[in-house]
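The values are calculated or read from the model by the stated rules, or taken from the named source; none is laboratory data. None of these values were measured; they are calculated from a predicted model. Positions of Cβ are backbone-derived with ideal geometry, glycine not excepted, and every protein chain shown enters the neighbour counts.
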4 protein chains.
Amino acid sequence: MKAIKDSVHGHVRLGDVAAELVDTPAFQRLRHIKQLSTVRLVYPSANHTRFEHSLGVYHLARSAIDGLGVDDDTAAHVRAAAMLHDVGHGPYGHQTEGIIRRATGRDHDDVRWLLTDADREVCQVLERNGLDPKRVAALIDGESALGPLVSGELDVDRMDYLVRDAHHTGVPYGTVDTGRLVTELRLIGGDGSGASADLVLAEGNVATAESLLVARSLMNAVVYRHHVSRVAGAMLERASERYLDRTGTDVEAFREMADHDLLVALRDRVPALGERIERRDLYKRAVWAGIDEVPAGTVDAGRAEERAAEREIADAVGVDRDAVLVDIPSRPALKESGSAVVVDGVPQRLEDASELVTGLRAAERRRWTLGVYCPAERVDAVAAAARDILGLRATGRPSA
Amino acid sequence: MKAIKDSVHGHVRLGDVAAELVDTPAFQRLRHIKQLSTVRLVYPSANHTRFEHSLGVYHLARSAIDGLGVDDDTAAHVRAAAMLHDVGHGPYGHQTEGIIRRATGRDHDDVRWLLTDADREVCQVLERNGLDPKRVAALIDGESALGPLVSGELDVDRMDYLVRDAHHTGVPYGTVDTGRLVTELRLIGGDGSGASADLVLAEGNVATAESLLVARSLMNAVVYRHHVSRVAGAMLERASERYLDRTGTDVEAFREMADHDLLVALRDRVPALGERIERRDLYKRAVWAGIDEVPAGTVDAGRAEERAAEREIADAVGVDRDAVLVDIPSRPALKESGSAVVVDGVPQRLEDASELVTGLRAAERRRWTLGVYCPAERVDAVAAAARDILGLRATGRPSA
Amino acid sequence: MKAIKDSVHGHVRLGDVAAELVDTPAFQRLRHIKQLSTVRLVYPSANHTRFEHSLGVYHLARSAIDGLGVDDDTAAHVRAAAMLHDVGHGPYGHQTEGIIRRATGRDHDDVRWLLTDADREVCQVLERNGLDPKRVAALIDGESALGPLVSGELDVDRMDYLVRDAHHTGVPYGTVDTGRLVTELRLIGGDGSGASADLVLAEGNVATAESLLVARSLMNAVVYRHHVSRVAGAMLERASERYLDRTGTDVEAFREMADHDLLVALRDRVPALGERIERRDLYKRAVWAGIDEVPAGTVDAGRAEERAAEREIADAVGVDRDAVLVDIPSRPALKESGSAVVVDGVPQRLEDASELVTGLRAAERRRWTLGVYCPAERVDAVAAAARDILGLRATGRPSA
Amino acid sequence: MKAIKDSVHGHVRLGDVAAELVDTPAFQRLRHIKQLSTVRLVYPSANHTRFEHSLGVYHLARSAIDGLGVDDDTAAHVRAAAMLHDVGHGPYGHQTEGIIRRATGRDHDDVRWLLTDADREVCQVLERNGLDPKRVAALIDGESALGPLVSGELDVDRMDYLVRDAHHTGVPYGTVDTGRLVTELRLIGGDGSGASADLVLAEGNVATAESLLVARSLMNAVVYRHHVSRVAGAMLERASERYLDRTGTDVEAFREMADHDLLVALRDRVPALGERIERRDLYKRAVWAGIDEVPAGTVDAGRAEERAAEREIADAVGVDRDAVLVDIPSRPALKESGSAVVVDGVPQRLEDASELVTGLRAAERRRWTLGVYCPAERVDAVAAAARDILGLRATGRPSA
């Protein structure tokens, strides 16, 4: 059995199918997609990629599936889905997901089009090994009873990335007990194929489930939504949109790019933004507004409204339209709160079993922030125009 | 400068006073007091002692004090207090603290009697180095503006033990960011002697403060209040009471014992309990009742009422009085929730700045549990008698 | 399957037999035998015990045996042997092994007398589970083809303790790649029962084997033979001898003591040494002589000659006979150099495959040191007398 | 003081000059130069960059310099040199160093041309802060008494990269005790400016120095010279040469490229090799020959002779000239063996104080290997031609 050394899990042993999947172009491409995209501009050690993360997810899935008592064929499909769960990502991962979704209607976990493409090695490897690409793709999309193990509230994806992101940023908040989590997962009900069964944590694991939720919340605050990473991310998204406009590049071709392709492309074709990203010469925050300052309609604005506001602010200040970026995150949510855990013999939603969930939701709400970014020298003018145009309510808070 | 290798902080460098304090009998004795007393019966790697913990607290205090801008004399007193904050512990630390408090009125952080005793080396070392033992003792007791750094909501004691206990148990939940915490502490107000100043976390650290609270809460659930450790602790406390009764040992002499002394003494003089503790042949849970099952008066019962109930249950079942242990923890509290953090330029209590605190308090309340323990073969009889005598309300929950 | 949390290996899962063995008095006693005895007086975090070490050795043995292709019965015996390999240790482990050997002829890895004693639970557990106590004991003694996995040049004992001792002292030199080592072990020849087969490392592992040797050598220099630990160890051995003389305690009873028993016994019955050990008020080095300063006959002296020299020196200086300790280690050796590794398809001894072995042997020889210890105030007088009586050659080296 | 989170050292605090240097384009470019270039194709977690490595070297230099007692001005120059020691690297670091050296005569640690270029921000920052760029450049080149701290046998560069590379590959062999090393460095002789003084390790550190040597040797064997990384490196060097030939790119411009620039350039302009590198579709080893198989003249061959042999082999087999790569490493050496350590009061070279050095040198010699690489389907033909043309001696060793 082939083994790959991993800085988080030690040795990751690969079964035969996994060893073949590793060598496909679709999987090798993940070496060139960083796990945390622009976070490395804040935490310089955070250069890990979706390649080793995918191996880690496979490793945890393999451990978890061993204890769930499913049949061999189901287990093999789950392992393949764990390996391949991120092959649908575009360059810079989540940072370009909105662009791709708006153009194609597909999120990164919809990979049917890719896995079932008989011209691709990844499809050929699956079929050669007796696996059904459609079934693998469905698992990646969270479907069927075992889908939630790959993509759900208690998925091995989350277990791996929380630990891995903590390890590589140096921030200690993501340290969940993966050893315990994969051991304590249970499949309740069903017929061995995993159909109609529910994935839960065994009795005595409310604190284990809470730790996952808490780790996610603290990592959100300190890492995933750090303002420097958000500024760089907004610049990258805007530059990518401009790149697509200017070059007429097809979105499907864009999706196949890797981080290095996009970095070079943006620098060469959208230098006003691309050179700044490459050199970390970033825009500054003109506005950094909490949810209570923002009109409800604006909180729910889509990309079109963001861009309209950007244009309006830029025109009001008299700067280039790429010099103003409006960044409105989606409403706060805590997907993990729906995970199930057995309490006193009965499976319950974590939000029913734990009083922490309400507090964490409120903390997520408090941390929600709308940002407007621009070059340092225009911060004051842009702030004034943006507050006016976005209809932000005055608060006593000092500005960013 | 002398350096000691520590498994948590790497090299701990000792200043001259600290190097002298290490060699005193009062400090060397801490080598023989385990940090987590009976927790090692659940987590076998948790054998660390208050000796290395005290060095760690000194190490963090030294870092923190460097950034607070206090005068040299104050800093020297704080460092000495950090070193010596645990010399007041009896054998098995918190496990015997109730016994000592009831007999002497002193908790472990009241060490004036010890530090000001001119016959003791520790007093002599302090005075020889121009330090005032009374002032050091006051800091250990949390007094004066810098007392909270040694003993308070944001103290370096807590920062060290959360990380150290996580490291040694192998449980990942105590990993707080000590590097950031000591860097972000500020002293607001005051005159450089630290008088009348307040210790707060600088702007931008709500999540940092929350992480401390969350770490404490999860470690409570999984480590500090693990039922096996509580059973062993209750056995140890009862055996110690019996030992004092039987041998007429003076409580002051008892307090000076170390773990190994007590372990041998209990085995030899109270073998019915002492041999079981040594061999980890522990009592089992007959009752394990949540706070809603327990009458309010019982929740607030003192040791005398606990012992009365123990006797009554034992007599009802017809077993030896040492065969029934009633363990009623104090009401749930979260001392850390009072820590101060600057938000929008204004220091706030964490409980006002973070919605998490309410959730964590509720979780603490949910985890509060009354236990009744006895030998395995009497569990059913003791459970019935105990529920009746303690007036526990029936719930749908399965028994322990 | 029961799991125990371990600070080194994470979760250690116990099979049914192992779970029963853990609860025997012989195994629980290991909670009270520290792995590194007096090393904790130098490295204060080194409080780990032979209990968790034994669990770690079991864990590695279980991984290793999975890849060796032996029959189930053999595997079960090897796992039991790994669990129980240290139950033969006396108090303070290796520190009292000489005393016990001289009185009984048995080393700690000769445990036939213990495992085959039908009155002991450990024997009963083995037999109840269909395991032969004699066969388990033989494996612990390094016999049969798989004995070397438990006690040999490439044993899992060594793999665990190097990593564990590094983790707990904080010294980074013992970090061997246990994951790779257990994966790369092979059994060459034999019939599945492991008989007449040889344990080797697979092709491509010369550096892996070297790393084990190097880790051992560096840990020897910095941890295992640190002079402070050696001084305390010599005091402990002498105090134990005196204790046996004075109290007439039977050596078999002595062997059954745990660390805390001996610490209390020595303090109470041999206070001149015992109180010093407890308080770390240690003797100092009067002589610290390299192998080239010492006559060959003296290098090979036994305990009787050491004691004769001690008496002669003490009498010459006019101090109490317990005030002079002569500490002559056995000749330097590197057991690991005999481990076998496949090179170009052929199993070779590491000493033939690696030029490093010669260098490491020379380093071990250079580090060999004879010590004479005494109270600080008699160092000069004892040094002069000892150099004369032991016939040490003058060198240009400064004295200790 | 600004702090940056680092996964190896925790918080790295930056002084004012360092904080300004971080923001220069020359330093930001290091974010895009991976520390271990092609090693990530073997150890997928090894994606760390020269950016965080440079911060780590600065961090260690700052600690070390504090204990050396040099004047403030000298210390400031040393800290700046530590920060900037790697700004001279081309894309993929050492992998393109030969190309740049042959064209410009400069190695990566000759950065006078860069630091003294008044048009560059890095020069301006140094001068604005009263630092002499020439003096900083001289330190980076190992000159003056403190040059060896930045670039020498005991330099902080090596201390950081051994620990960092171990952390990120997951291989445990590089774990040297940086805390101890920087504490134990001493400057002997000199006048406070560091002139005419020698950098040594204090008494009692032979094992400390050995650990550095051993870590380097084991990391060489397992990481730095792993054959997969060497194959990819040889492909990259050849592709880069071809790129320069084809595009006429100036070497100075080539040197300013970052990893992503080169990866895109090679794929687009030298697709036969560049696409393979990007997709990890690597050549295989046709020859893998030890030093005793290779004629002495061939061991010392330069790049011109390598290329001539490549052409001759390719022509003999009838394949494209880029389909054969000959990879002859420089003769084995152990620079660290010259480090100085105080033994018995006298500074000695480590090679005189430690018998290990001879063994490690022999191991380096044994591990020296000449490689010839080509596409998998031509391995047999290329092997035969290469052995003949390179005049390799037959051995009994199986081929790669």
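Annotations
- Residue check for B:HIS227: within 14 Å of chain A (Cβ to nearest Cβ) and at pLDDT 95 or above: yes
- Contact map, segment C:12-35: residues that are assigned by TED's automatic domain parsing to the domain that holds C:LEU60 paired with residues that are in a strand (DSSP E or B) and of a type in the set (S, T, N, Q), Cβ distance under 8 Å, separation 6+ or inter-chain. Pairs shown: C:LEU30/C:THR49; C:ARG31/C:THR49; C:HIS32/C:THR49; C:ILE33/C:THR49; C:LYS34/C:THR49; C:GLN35/C:THR49.
- B:ARG40 vs. criteria of a type in the set (Lys, Arg) and touching a residue at least 12 places away in the same chain (Cβ under 8 Å): no
- Selection count where residues are closer than 24 Å to D:HIS167 by Cα, at pLDDT 95 or above and away from chain D (no Cβ under 11 Å), scope segment A:1-35: 2
- Residue that is farthest from C:ALA362 (Cα to Cα) [pool: residues in segment C:257-295 that are free of Cβ contacts under 8 Å to residues at least 60 places away in the same chain and of a type in the set (Asp, Glu)]: C:ASP268
- Of the helices (runs of 4 or more DSSP H) contained entirely in segment C:70-137, those carrying at least 2 residues that are out of contact with any strand residue (DSSP E or B) (no Cβ under 6 Å at 6 or more places or on another chain), surrounded by fewer than 24 Cβ atoms within 10 Å (Cβ to Cβ) and of a type in the set (Gly, Ala, Ser) fall at C:72-84, C:97-104.
- Candidates A:ALA197, A:ALA253, filtered to the one that is more than 14 Å from chain B (Cβ to nearest Cβ), surrounded by fewer than 22 Cβ atoms within 10 Å (Cβ to Cβ) and without any contact (Cβ under 8 Å) to a residue 24 or more places away in the chain: A:ALA253
- Any chance C:PRO332 is assigned to a strand (DSSP E or B) and either in contact with a Phe, Trp or Tyr (Cβ under 7 Å, 6 or more places away or on another chain) or outside the structural domain of C:GLU293 (by TED's automatic domain parsing) (or both): no
- Test: residue in segment C:88-96 that is within 27 Å of C:LEU244 (Cα to Cα) and within 14 Å of chain B (Cβ to nearest Cβ): yes
- Looking across segment A:348-396 at every residue that is in a loop (DSSP other than H, G, I, E, B) and away from chain B (no Cβ under 11 Å), the one that is surrounded by the fewest Cβ atoms within 10 Å (Cβ to Cβ) is identified as A:ALA394.
- Any hit, segment C:302-322, residues being within 14 Å of chain D (Cβ to nearest Cβ) and out of contact with any Leu (no Cβ under 9 Å at 6 or more places or on another chain): no
- Of all residues in segment D:165-179 being within 15 Å of D:HIS59 (Cα to Cα) and in contact with a helix residue (DSSP H, G or I) (Cβ under 6 Å, 6 or more places away or on another chain), the one that is nearest to the other protein chains (Cβ to nearest Cβ): D:ASP177
- Selection status of C:ASP292, within 14 Å of chain B (Cβ to nearest Cβ) and on the phi < 0 side of the Ramachandran plot: no
- Flag for D:GLY204 being more than 14 Å from chain A (Cβ to nearest Cβ) and under 30 Å from D:ARG311 (Cα atoms): no
- From C:THR169, C:THR175, C:THR208, residue being surrounded by 24 or more Cβ atoms within 10 Å (Cβ to Cβ) and of a type in the set (Val, Ile, Thr): C:THR169
- The number of residues in segment A:141-164 that are within 14 Å of chain B (Cβ to nearest Cβ) and not charged (D, E, K, R) comes to 3.
- Checklist (1) of a type in the set (Gly, Ala, Ser); (2) assigned by TED's automatic domain parsing to the domain that holds A:VAL57; (3) free of Cβ contacts under 8 Å to residues at least 60 places away in the same chain applied to A:ALA209, failing item: (3)
So that you can scan it fast, the table gives a plain yes or no per residue for (1) of a type in the set (Ser, Thr, Tyr); (2) more than 26 Å from the chain's Cα centre (by Cα):
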{"residue": "C:ARG276", "(1), (2)": "no, no"}
{"residue": "C:TYR283", "(1), (2)": "yes, no"}
{"residue": "C:VAL294", "(1), (2)": "no, no"}
{"residue": "C:ARG311", "(1), (2)": "no, yes"}
{"residue": "C:ARG321", "(1), (2)": "no, yes"}
{"residue": "C:ARG331", "(1), (2)": "no, no"}
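- A:SER337 meets each of the listed conditions (1) hydroxyl-bearing (Ser, Thr, Tyr); (2) part of a loop (DSSP other than H, G, I, E, B); (3) under 30 Å from A:ARG186 (Cβ atoms) apart from (2).
- Of the residues contained in segment D:38-46, one or more are found to be of a type outside the set (Gly, Ala, Ser), more than 10 Å from chain A (Cβ to nearest Cβ) and outside any strand (DSSP E or B).
- Condition met for C:VAL326 (crowded, with 16+ Cβ neighbours inside 10 Å and outside any helix (DSSP H, G or I)): yes
- If only residues of segment D:47-69 that are within 30 Å of A:HIS32 (Cα to Cα), outside any helix (DSSP H, G or I) and in contact (Cβ under 8 Å) with a residue 24 or more places away in the chain are counted, the one that is nearest to the other protein chains (Cβ to nearest Cβ) is D:ASN47.
- In segment B:138-189, residue nearest to the chain's Cα centre (by Cα) [restricted to those that are aliphatic (A, V, I, L, M) and outside any helix (DSSP H, G or I)]: B:LEU154
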